[in-house]
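Each remark here refers to the structure printed beneath this line.
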Amino acid sequence: MAPRFVVHEHKARRLHYDFRLEVGGLLRSWAVPKGPSMNPADKRLAIAVPDHPLDYADFEGIIPAGHYGAGPVVVWDEGTWEPAEGGSPETHLRAGALAFILHGRKLRGRFALARMKRSGGGGEWLLIKKDDEEAEPRFTLKTELTRARLNRLVERVPSCDVS
C-alpha cells in the first residue's frame, strides 16, 4: 500500500497548513504558513514540526484551549505519495532534499522539500511544486474552514497531544 500524505488546515494562533508525509511509520510534518501551492513559481516556507502518529492523518476537530495547537483543524487535502527518485525517503530527508509525487484531490504531481542552507537547526525548508503537467500557474488557495464546516466540528483532544 502506498504511503499517505495529508494537509491539515489549522487555525491555531495563526492560520497555517500542516503538510504531512507518511515516512517510517510516522507522519513527518511541516507547518506551511501560506499553504501549499500548485504554482511552480511559489516557493513555500515549510517549518519542521514534531512527527505525528499515523492515526492523526484523519483528525478533524477543535483542539481545546490549553492543549498544543488549540483551535480548529480540518483535512484540506489527502492522498498517497511516492518518492520521485531512488533511495529511502529518510535518507533524502536527512540529506535535506526529498523529491516526491503526490496523488491527492488538490495536490498532484511532482513536488520537492528542500532544507534551507541558512537554517541552523534544520527546521526551515521550502515546499516547491515542480513544473509538470499538473502545475497550475493560476492556483489560488481556497479554505476548507468554512462557517458550515466549523459548525460541524466537535471539540477533541488529538492522540498526539503534547501538552
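Order the peptides 4-11, 105-112 from the highest to the lowest mean number of other Cβ atoms within 10 Å of their residues. Present the calculation step by step, with values, prior to reporting the outcome.
Details: 4-11: 21.5, 105-112: 18.8.
In decreasing order of mean packing, 4-11, 105-112 become 4-11, 105-112.
Please compute the contact order of segment 1-129 in relative form: average sequence separation of alpha-carbon pairs under 8 Å and at least six residues apart, divided by the residue count, as a percent.
Values: 293 pairs, mean separation 32.7, N = 129.
It comes to 25 percent, rounded to a whole number.
Got a sec? How would Tyr56, Tyr17 order by Cβ neighbour count within 10 Å, fewest to most?
Values: Tyr56 19, Tyr17 24.
In order of increasing Cβ crowding within 10 Å: Tyr56, Tyr17.
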- Holding the Cα-Cα limit at 18 Å, pick out from Lys11/Lys129; Lys34/Lys117; Lys11/Lys130; Lys11/Lys43; Lys11/Lys106; Lys34/Lys142 the pairs that are longer than that. Lys11/Lys129; Lys34/Lys117; Lys11/Lys130; Lys11/Lys43; Lys11/Lys106
- Compute the separation of the alpha-carbon centres of segment 104-158 and segment 13-70 and state it in Å as a whole number. 8 Å
- Using just the helices of the chain, give the 222 nm mean residue ellipticity in deg cm²/dmol: DSSP H runs with n ≥ 4 each add -39,500 (n - 2.57), and the total is spread over all residues, rounded to 500. -2000 deg cm²/dmol
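Read-outs: derived from the displayed coordinates by stated rules, not from any lab. It should be emphasised that the depicted structure is a prediction, and the values quoted were computed from it without experimental measurement. Neighbour counts run over all protein chains shown; Cβ positions are idealised from the backbone, glycine included.
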